[in-house]
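Written below as structure tokens is the structure these notes are about.
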2 protein chains.
Amino acid sequence: MKVQSVRGTRDFYPDEMAVRNWLFERWRAASRRAGFVEVDGPVLESLDLYTEKSGPEIAEQLYCLDDKKGRRLALRPEFTPTLARMIAARQAALPTPIRWFNISRCFRYERAQRGRLREFFQWNVDLIGVEGEIADAECISLAVDAMREVGLGPDDVEIRLNDRRLLSALVRHLGIAQERVGEVFGILDKRDKVPAERVQAMLADAGLEAAQREGIERILSWQTLDDIDAAERATPEVARAADGLKRLLRMLADYGIADWCRFNIGIVRGLAYYTGAVWEVYDRNGKFRAIFGGGRYDRLLGDVGGHSMPACGFACGDAVLGLLLKERGLGPEEGFETDYYVAAWDPDWPKMLQMVRHLRSRGKRVQFDLKGSKINRQSKNAISSGARFVVVIGDKEAPWPKVLVRDLRQGTVSQPMAYRKVGDEGQ
Amino acid sequence: MKVQSVRGTRDFYPDEMAVRNWLFERWRAASRRAGFVEVDGPVLESLDLYTEKSGPEIAEQLYCLDDKKGRRLALRPEFTPTLARMIAARQAALPTPIRWFNISRCFRYERAQRGRLREFFQWNVDLIGVEGEIADAECISLAVDAMREVGLGPDDVEIRLNDRRLLSALVRHLGIAQERVGEVFGILDKRDKVPAERVQAMLADAGLEAAQREGIERILSWQTLDDIDAAERATPEVARAADGLKRLLRMLADYGIADWCRFNIGIVRGLAYYTGAVWEVYDRNGKFRAIFGGGRYDRLLGDVGGHSMPACGFACGDAVLGLLLKERGLGPEEGFETDYYVAAWDPDWPKMLQMVRHLRSRGKRVQFDLKGSKINRQSKNAISSGARFVVVIGDKEAPWPKVLVRDLRQGTVSQPMAYRKVGDEGQ
């Protein structure tokens, strides 16, 4: 019986695992520089946690299961609801602002395709307890820092920034009722994925009149916040949201990352829980869909049973970003995978193991022949093991407790030396 | 609506996450010293992968689900079947020996209790392609190295070592048919968990005669391999298995870990796929059930559709080990969580952000006040953020671009200094 892996999942052989570890380490390092600490929760959560708050698209994509007592469970499709649950459970004890990050395995039953996996990883960053734009800016700055850390620059990617409060006020200013705004946002979020006519048709289906659809088209053509016209500006909600967004853009300039960021009124984000600033990262070549994004979600904590608290953050999956990094040739540098390979002319476990123990106790990564192979075969295995040095036991020039050390990079061989002196090579 | 977490799962708040990261880093470091490379696979696998090979106990504990096309999936209860699948898929291309390790989240629907969780982590080590005892010894040595790394010693834990081939030959020597051996092993594996009379009753239920049950009782009382009697010794399978176990014990002495290891004929391991040496780690105080264990499983690769290959390894869960470490007071050392906290007399984003950028670009972990708090409140927040240094902007002694640096450990304050010079403190 040959069992296959499940579609939309990945096997991480050593090369792929090295890339994943490289990326995760960079996410962790950037998060810690920005003063965030790591947390995690379970993969298994109650279905209730997602059905109401993640929005219909995610709810449809849930992997659900019943446990043996008939409780409805789900595999987490994202981390934010877990985070909100964790904060709600200890809200009184946690000092604010809460600065948490997390790298979690998530699950969504989507059509498996390029950059869309059913099982993937997500880097989550959440800053809880701060109302001002500085919190949004702090999150965006961390996102940029992590992109720099993996080798991307402002010529590679762009952050498109908007505020749901602004777009919502503008949509209402067109005479569209408050209760339709969510539906309109859902349609606008699909703009990248479906043709323009289809968007217009969906807006018409949603009951928007021709003038309202034209108004939306006009708004979506804006390039800067100065494109807001005087009548719109006179609406207090529009003015307030536009001013907030201007403050945010100014702060991003103070962070030194203005060249990464641009206002884009068309950004709404798919998830239902965003309430303020929203942003998405795109590659400048337009080859991929949004790489990742985030925003402000001031009501989520209250919705899962805690007290309401201002909150913002972002989530970055590893799939699309991974494709972009691969395309740009960015990833871990190749190095030696093994420090020392211990070889012996005659298999002699006590001597070999003494050598191995000595080197490992000094923190070295050590391999040796486990099969009693001939010395030539051991030399070949040393190379394929990615070793920097080979220790040779039993050479007639260097009788035990002396050994020879061959440097595979330099192509040199040491003088006979006591085995206990080996370990400082290449420092 | 207040949503609860699922029973048997854990939330990792920053303190618990720090412990988990500390443990995982030690597992990784020990694995790499022993020349193992990291791999991973999916959490979602086909149910088929487990139903036949993991043994009935694990199959009962599976979390199963159907995807939308009706395919039967399961959440991995352990990593080894995934590993076997991955190797079978690339068997021709992978040079042997294969030395892989993995840290994976696993799922078992067990009765949740102390040290038994439904969602837990497991460190897996597998060495594939080597028949000799050296491979078993290499795995046990790595297990010991990792225990040393977390602060445990041979006075804390003991490795109990056996060989299924030996026990199987002895059981058959009692006149028990080959096809009953698996069942007898299953009963013996429960010895720790149920009273002795119950074990005897189960053996009787399995059809063992009184003399056979007494024979098993006698064998289980052995302390060393020399307790094997002459008639048993004369059976070639017994002699061969006993000699192999002696060679293994001698190698463990060559690794310098004889004081950690002891022969114990009663060790069988619960999983169905073990075929040779088996071992389990116990705490010397006998307070916990087996902490972890491993063994040889030479047939598993053939069973999942590859060519048969010799293999051995072990898996170490984080739950019981975590309880032991906690009991012994072992874990990460407390340190400063933040390098610099940037405080300002007057909230002034451009200056504060310039200071923050400067320090983060030098790799420092930096926090600052996001709420426009008064300077006294900022000082308190600096302490609760776990900062080592506080940079004060806007003190009248040190007008911008000068700042003061307060050392929270020493209780000292620097002379006014240019903000660009900050960053070498505490090196």
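The values are calculated or read from the model by the stated rules, or taken from the named source; none is laboratory data. Here the structure is a predicted model, which means the values were calculated and not measured. Counting neighbours? That spans all protein chains shown, and the Cβs are built from the backbone with ideal geometry, glycine included.
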The range A:94-117, subset assigned to a loop (DSSP other than H, G, I, E, B) and more than 10 Å from every other protein chain (Cβ to nearest Cβ), residue modelled with the lowest pLDDT
A:112
With the condition kept exactly as written, say whether any residue in the range A:53-60 is facing chain B (nearest Cβ under 10 Å) and crowded, with 22+ Cβ neighbours inside 10 Å.
yes
Look through the range A:361-389, keep the residues that are in contact (Cβ under 8 Å) with a residue 40 or more places away in the chain and in a helix (DSSP H, G or I), and return whichever of them is nearest to residue B:310 (Cα to Cα).
A:381
Looking only at the range B:197-224, which residues are surrounded by fewer than 17 Cβ atoms within 10 Å (Cβ to Cβ) and either closer than 12 Å to residue B:266 by Cα or not assigned by TED's automatic domain parsing to the domain that holds residue B:288 (or both)?
B:217, B:218, B:220, B:221, B:222, B:223, B:224
Cβ-Cβ below 8 Å, separation at least six or inter-chain, first residue in the range B:281-303 and within 14 Å of chain A (Cβ to nearest Cβ), second surrounded by 17 or more Cβ atoms within 10 Å (Cβ to Cβ) and assigned to a strand (DSSP E or B): which pairs?
B:296/B:277; B:296/B:278; B:296/B:311; B:296/B:312; B:300/B:311; B:301/B:128; B:301/B:311
Mind checking which residues of the range A:380-415 are touching a strand residue (DSSP E or B) at 6+ places or on another chain (Cβ under 7 Å), within 14 Å of chain B (Cβ to nearest Cβ) and among the hydroxyl-bearing types (Ser, Thr, Tyr)?
A:385
Which of the following residues is farther than 30 Å from residue B:254 by Cα and among the hydrophobic types (A, V, I, L, M, F, W, C): B:83, B:142, B:152, B:73?
B:73
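So that you can scan it fast, the table gives a plain yes or no per residue for (1) farther than 29 Å from residue A:319 by Cβ; (2) modelled with pLDDT of 95 or more; (3) polar (S, T, N, Q):
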| position | (1), (2), (3) |
| --- | --- |
| A:133 | yes, yes, no |
| A:148 | no, yes, no |
| A:161 | no, yes, no |
| A:166 | yes, yes, no |
| A:180 | yes, no, no |
| A:195 | no, no, no |
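Per-residue answers, yes or no, for (1) within 10 Å of chain A (Cβ to nearest Cβ); (2) more than 24 Å from residue A:386 (Cβ to Cβ); (3) acidic (Asp, Glu); (4) in contact (Cβ under 8 Å) with a residue 40 or more places away in the chain:
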| site | (1), (2), (3), (4) |
| --- | --- |
| B:35 | yes, no, no, yes |
| B:43 | yes, yes, no, yes |
| B:79 | no, no, no, yes |
| B:86 | yes, no, no, yes |
Check B:144, B:157, B:150 and return the single one that is in the same structural domain as residue B:28 (by TED's automatic domain parsing), within 24 Å of residue B:283 (Cβ to Cβ), in contact with an Asp or Glu (Cβ under 6 Å, 6 or more places away or on another chain) and in contact (Cβ under 8 Å) with a residue 40 or more places away in the chain.
B:157
What residue, among those in the range B:245-260 that are within 14 Å of chain A (Cβ to nearest Cβ) and within 18 Å of residue B:167 (Cα to Cα), is surrounded by the most Cβ atoms within 10 Å (Cβ to Cβ)?
B:248
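Go through the range B:320-329 and count every residue that is more than 20 Å from residue B:295 (Cβ to Cβ) and either crowded, with 19+ Cβ neighbours inside 10 Å or in contact (Cβ under 8 Å) with a residue 60 or more places away in the chain (or both).
The total comes to 5.
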Residue check, residue A:26 against (1) at the interface with chain B (Cβ under 9 Å from one of its Cβ atoms); (2) surrounded by 15 or more Cβ atoms within 10 Å (Cβ to Cβ); (3) under 18 Å from the mean Cα position of the chain (by Cα), all met but one. Which one?
(1)
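Looking at the range A:350-360, can you tell me whether even one residue there is surrounded by 21 or more Cβ atoms within 10 Å (Cβ to Cβ), within 9 Å of chain B (Cβ to nearest Cβ), among the aliphatic types (A, V, I, L, M) and touching a residue at least 60 places away in the same chain (Cβ under 8 Å)?
yes
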Test residue B:74 against the criterion of being more than 21 Å from residue B:122 (Cβ to Cβ) and more than 8 Å from chain A (Cβ to nearest Cβ), and give yes or no.
no
Does any residue of the range A:183-196 turn out to be of a type in the set (Lys, Arg), over 30 Å from residue A:306 (Cα atoms), touching a strand residue (DSSP E or B) at 6+ places or on another chain (Cβ under 6 Å) and surrounded by fewer than 20 Cβ atoms within 10 Å (Cβ to Cβ)?
no
